[in-house]
Amino acid sequence: MAREDTEDAIIAYKSILAQIIDNRPSGTRQRLATALGKHRSFVTQITSPTYATPLPARHLATIVRVCHFSGAEQERFLEAYQAAHPGKLPDLGHSEKLRHLSLMVPDFGDDRKNRLLEEAISDLVQKIVAISGAE
């Protein structure tokens, strides 16, 4: 794919993402920044079509989860992402088989420590699911 075509494809999926986020409650970008363990400026760069910065594939599952994509939104967005980055789309699992679980955890007052706690909990859940034999 030519550089210009790639940039147009990136703009296409980022436009879809920006539209989805704009239709979410205020604070969504901040929640996304927190979930990614990044600054809000990073979220602006990866979600705004005005920036050529590609969205890293490793962040897709978090974005879909935090922004509460509908099935149609997810399908439209991921098709556009795949067009921009052929073969780079990670397996996001089957979201229809997932359920959301909220936990109250201490706020350590430190972004790094809070992110490490969230990652540890996520890793624990993934290990439990793997042990249970669930796919």
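Some values worked out for this structure:
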read-out: Members of the range 34-52 that are in contact (Cβ under 8 Å) with a residue 40 or more places away in the chain and more than 12 Å from the chain's Cα centre (by Cα); value: Ala52
read-out: In the range 15-33, residue nearest to the chain's Cα centre (by Cα) [restricted to those that are among the polar types (S, T, N, Q) and surrounded by fewer than 17 Cβ atoms within 10 Å (Cβ to Cβ)]; value: Gln30
read-out: Qualifying residue in the range 84-91 (condition: buried (at least 16 other Cβ atoms within 10 Å of the Cβ) and of a type outside the set (S, T, N, Q)); value: yes
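Each value in this text was obtained by applying a stated rule to the coordinates, not by laboratory testing. Just so it is clear, the structure is predicted and the values come from calculations on it, not from any experiment. So basically every Cβ, Gly included, is an ideal-geometry build from the backbone, and we count neighbours across all protein chains shown.
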